[in-house]
Amino acid sequence: MDTKVIRMDEQHIDRELLQEAGAVIRAGGLVAFPTETVYGLGGDALNPDASRKIYAAKGRPSDNPLIVHIADRETLEPIVKEIPEAAVRLAEAFWPGPLTMILNKSETVPYETTGGLDTVAVRMPVHKVAREFIRAAGGYVAAPSANRSGRPSPTVAKYVAEDLGGRIEMIIDGGDVEIGLESTIVDLTAAEPMILRPGYITKEMLEDILPRVEEDRTLMRADSGQAPKAPGMKYRHYAPKGDLSIITGTEDEVVAYINSQADRQRGMGKKTGVIGTDETIGRYHADVCKSAGVREDECTIARELYRILREFDDESVEIIYSEAFDASGIGQAIMNRLLKAAGHKVVEAGEGQI
Ligand code: TXA
Ligand code: MG
């Protein structure tokens, strides 16, 4: 299949082209599109065949449910059983935006879209291209991240084309995304609201709106013997081809440890890499040293992380060391993704391994 690429950004919406993209969805086809978090792989959420096609194109297990994207508040009612008070309040505060809510589904939503579950994940993105596209597509676009299963979510259209070119009808290239990590997921179907996946909307932000928000206990741990509540979180996502470990300690300890390990690995003929920050990157002497951003502003790190993981693959780096990040605010989402990428391999630099 030939994948048609169309280009537009939020300042230059081309409604005619979006009608064409919408028609692809209404006919049961697939279109990748930009959102503020990462690129999505869209299909008609109410068409079971389209959902099946999404799983096939991604190479994704079909028990891993899709997020239904909407553009307007009125379109929520028909796809859910009820809208709890907490959902009304979160929608008022964070929609449109990088928040996904899990609600009980109505019969309108096929089980193919929800991976067999009676609940449905719903998100209203704020990206203007995404919203106009969803409207043109009929209002309900099921969209996982637009990567092949197991690869980092794409933050630019080039990576969508790399993973899905030839497998889908169309890609809308809207340039770089703004946030770079997937939306925060909150489950509103249990007794207390619970975060199933951390993201740009943090626990603190949610607790400004709701009295109490719990967290899935599996988010930051290796294996507590418990399955994560979002089916997709159990897979080892975002794993680079190289062997990635996260190094903790003071800045001096981390730099010294990484440099000595990198020397040792290089001595054994391995290509080594470092994920550092603007503040530290000049201190490393591995083969490939990449700054993820500015420690002072962790949003810059969120935006670059997936691109960097892909670049290490492209450059065939075999051993990768990453600095750790503060697990507060957006830092929690960064560490959650980084821990998964590293298979939870964390080394304390101060403990005499040098
Ligand atoms: O930012 C995002 O959310 C992006 C953009 C494209 O909107 N989408 C995204 O979709 O990250 P995906 O499919 O890569 O991740 C969806 C996650 C998976 O971990 C899945 O298991 C979980 O949401 N999920 C979906 N429906 C669920 C449900 N009914 N109950 C629990 N978890 C659910
Ligand atoms: Mg994904």
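Some points to look at:
- Two-site label geometry, Arg26 and Arg264: point separation in nm, points 7 Å out along Cα→Cβ: 6.3
- The overall shape of region 258-323 is oblate: from the C-alpha gyration tensor, with semi-axes ordered a ≥ b ≥ c, the ratio a/c is 1.5 or greater and a/b is no larger than b/c.
- A cut-off of 5 Å between modelled amide H atoms, ignoring neighbours fewer than 5 places along the same chain, links Val347 with Ile246, Ile247, Thr248.
- Max mean-square fluctuation residue, GNM over the chain, Cα-Cα springs under 10 Å, options Leu17, Leu103, Leu41: Leu17
- Compared with the dominant principal axis of the Cα atoms in the chain, helix 48-58 is inclined by about 20°.
- Once backbone amide H atoms are built at 1.01 Å from N, Ile320 has Asp243, Leu244, Ser245, Gly273 as its partners under 5 Å, excluding neighbours fewer than 5 places away on the same chain.
- Couplings for region 306-316, taken from phi via the Karplus curve 6.51 cos²θ - 1.76 cosθ + 1.60 with θ = phi - 60°, read 5, 4, 5, 4, 5, 5, 4, 5, 4, 8, 6 Hz in order; Gly and Pro are left as x.
- For region 87-134, the square roots of the Cα gyration tensor eigenvalues, ordered a ≥ b ≥ c, give a/c of at least 1.5 with a/b no greater than b/c, which places it in the oblate category.
- Karplus-based coupling profile of region 104-114, in residue order and whole Hz: 6, 7, 8, 5, 4, 8, x, 5, 4, 6, 9, with θ = phi - 60° in 6.51 cos²θ - 1.76 cosθ + 1.60 and x standing for Gly or Pro.
- Summarising the label geometry, the points placed 7 Å from Cα in the beta-carbon direction at Lys345 and Asp176 lie 3.0 nm from one another.
- Phi-derived couplings, Karplus 6.51 cos²θ - 1.76 cosθ + 1.60 at θ = phi - 60°, listed residue by residue for region 28-43: x, x, 10, 9, 8, 9, x, 10, 6, 8, 8, 5, x, 9, x, x Hz, with x used for Gly and Pro.
- Label positions at Glu215 and His12, each projected 7 Å from the Cα along the C-beta direction, are separated by 4.2 nm.
- Angle in degrees between helix 330-341 and the longest Cα principal axis of the chain, rounded to the nearest 10: 80
- About the Cα centre, charge dipole magnitude for the chain (Lys/Arg +1, Asp/Glu -1 at Cβ), debye: 1100
- Computed over the chain, the per-residue total of -39500 (n - 2.57) for DSSP H runs of n ≥ 4 gives a 222 nm mean residue ellipticity of -9000 deg cm²/dmol, rounded to 500.
- Take every pair of alpha-carbon atoms less than 8 Å apart whose residues are at least six positions apart; their mean separation over the length of the chain yields a relative contact order of 19 percent.
Throughout, read-outs are computed from the coordinates displayed, never taken from laboratory work. Source: prediction; values computed, not measured. Note that we place each Cβ from the backbone using ideal geometry, even for glycine, and neighbour counts take in every protein chain shown.
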